[in-house]
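Presented below is the structure to which this report refers.
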Amino acid sequence: MSVRKTKIFWSTSVALLLVAAAWLWWSTQHQQGPTAKRATPEKMSCALPVQLAASPHPGMVWVPAGSFELGDTVYPEEQPLRKTSVAGFWMDRTEVTNAEFAEFVKAAGYITEAERGPDLKLYPGLPADMRQPGAVVFVMPKDVNTQGSATQWWRYVAGANWRHPGGPATSIEAHESFPVVAVSFADAKAYAQWKGRSLPSEAQWEWAARAGQAQAARDHEQPKAANTWQGIFPVVNSGEDGFVGLAPVGCYAPNALGLFDMIGNVWELTSDAYRPGHGESASGPPDQVPRGMATVSARQRVIKGGSFLCSPDYCMRYRSGARQPQDDDLGASHLGFRTVLLAPGP
Ligand SMILES: [Ca+2]
């Protein structure tokens, strides 16, 4: 072996050893805490504290009026900060569960948009697989091109809906305490109206998530007491927080107002139409957005709170000020909601 070849051999060997050592270290770090937790099955429900019998609206908590700066400073769509005030209101202390949504569906005979399918008059250019009823599902890829698009892990799955969140082969059996997902804006609104309530505005939602602390949004750390993503998105999910996928509602400590899972678990729909920012220039019509291969003038809402898919290396939207657009008529496996009620306080 020549001197040059020997050098190359040793350089390569040292590099391989370093990579192996790094992988071993990472594995060890993530086996002692997280994987030990995952050795036990993920919980199917979590006990919620009993509310005071005197509460006029069981299952809801009072959010007092307040003034604060809407938005945050991490991503462009959350800026600029805007002074906002909200009046007091009641809010569901958890995300709406499968059991609660099932009660509504049964009583109202309601069929969700994901079960009915897209309005083909609105989407004449949709590819064949997206013309069928369905919803968008996160599917963990084996490998990923970091320069590529999110379609590497988001799939439109025919037959996916709130009863079958991962597609026809999946079910919500024994998942009564999990947040309902794959619902559209109209579905969530119909549920809220059936309950005599409404969906929160973005400002109401954000103020509630901050639990009355005007400066709470300046903390950009990944929260420990929330269902988010630990590992390397979207290919390694250590489940360090106890859940690889969705968690039942109420598994983490509530915020100071008694609201559970405002951050993480599922994104939550609001009643606000989406604009790409909080500035004056953001008051125009919604952007043209792609849906499949078609570009349509979709109506979009603001969604809040991030989900079990939010990670520091890809989407640090596990913050009260974070926001994203969501097509009104498109359900997704990381999207749910909760309701609010405008009524006198306690
Ligand atoms: Ca998690």
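The values are calculated or read from the model by the stated rules, or taken from the named source; none is laboratory data. Since we're looking at a predicted model, the values are computed, not measured. Note: ideal-geometry Cβ built from the backbone for every residue, glycine included; neighbour counts use all protein chains shown.
For Ala214, the conditions (1) at pLDDT below 95; (2) within 16 Å of the ligand (Cβ to nearest atom) are fulfilled apart from (2).
Being in contact with a strand residue (DSSP E or B) (Cβ under 9 Å, 6 or more places away or on another chain) and within 8 Å of the ligand (Cβ to nearest atom) is the filter; apply it to the stretch 231-252 and report the residue that is nearest to Ala174 (Cα to Cα). The extreme case among them is Ala247.
Looking at Val137, Val236 in this structure, which one is within 20 Å of Ser333 (Cβ to Cβ), without any contact (Cβ under 8 Å) to a residue 24 or more places away in the chain and out of contact with any Asp or Glu (no Cβ under 9 Å at 6 or more places or on another chain)? Give the derivation first.
Working: Val137 fails: without any contact (Cβ under 8 Å) to a residue 24 or more places away in the chain.
Val236 is the lone residue from the list that is within 20 Å of Ser333 (Cβ to Cβ), without any contact (Cβ under 8 Å) to a residue 24 or more places away in the chain and out of contact with any Asp or Glu (no Cβ under 9 Å at 6 or more places or on another chain).
If you go through the stretch 301-325 and keep only what is outside any loop (DSSP other than H, G, I, E, B), surrounded by 22 or more Cβ atoms within 10 Å (Cβ to Cβ) and out of contact with any helix residue (DSSP H, G or I) (no Cβ under 6 Å at 6 or more places or on another chain), you end up with just Ile303. Looking at the stretch 194-202, can you tell me whether even one residue there is in contact with a Cys (Cβ under 9 Å, 6 or more places away or on another chain) and aromatic (Phe, Trp, Tyr)? No, the stretch 194-202 contains no residue that is in contact with a Cys (Cβ under 9 Å, 6 or more places away or on another chain) and aromatic (Phe, Trp, Tyr).
Of the strands (runs of 3 or more DSSP E) lying entirely inside the stretch 46-151, the ones with 2 or more residues being surrounded by fewer than 16 Cβ atoms within 10 Å (Cβ to Cβ) are found at 82-86. When the stretch 292-322 is limited to residues that are of a type in the set (Gly, Ala, Ser) and modelled with pLDDT under 95, the one that is farthest from the ligand (Cβ to nearest atom) turns out to be Ser297.
Number of residues in the stretch 268-291 that are surrounded by fewer than 18 Cβ atoms within 10 Å (Cβ to Cβ), at pLDDT below 85 and not small (Gly, Ala, Ser) equals 7. If you go through the stretch 174-198 and keep only what is within 16 Å of the chain's Cα centre (by Cα) and on the phi < 0 side of the Ramachandran plot, you end up with Phe178, Pro179, Val180, Val181, Val183, Ser184, Phe185, Ala188.
Based on this model, can you work out whether Ala256 counts as assigned to a loop (DSSP other than H, G, I, E, B), within 13 Å of the ligand (Cβ to nearest atom) and in contact with a Gly (Cβ under 8 Å, 6 or more places away or on another chain)? No. Here Gln147 clears all of (1) more than 30 Å from Phe233 (Cα to Cα); (2) without any contact (Cβ under 8 Å) to a residue 12 or more places away in the chain except the condition numbered (1).
Restricting attention to the stretch 306-342, which residues are out of contact with any Phe, Trp or Tyr (no Cβ under 6 Å at 6 or more places or on another chain), over 18 Å from Gly239 (Cα atoms) and not charged (D, E, K, R)? If the condition is that a residue be out of contact with any Phe, Trp or Tyr (no Cβ under 6 Å at 6 or more places or on another chain), over 18 Å from Gly239 (Cα atoms) and not charged (D, E, K, R), then Ser320, Gly321, Ala322, Gln324, Gln326, Leu330, Gly331, Ala332, Gly336, Phe337, Thr339 are the ones that fit. Do we find a residue being at pLDDT 95 or above, in contact with a His (Cβ under 6 Å, 6 or more places away or on another chain) and outside any strand (DSSP E or B) anywhere in the stretch 235-243? Yes, that holds for at least one residue. In the stretch 218-230, the condition of being among the hydrophobic types (A, V, I, L, M, F, W, C) and more than 12 Å from the ligand (Cβ to nearest atom) is met by no residue. Here Thr228 fulfils each of the conditions (1) touching a residue at least 24 places away in the same chain (Cβ under 8 Å); (2) more than 25 Å from Pro76 (Cβ to Cβ) apart from (2).
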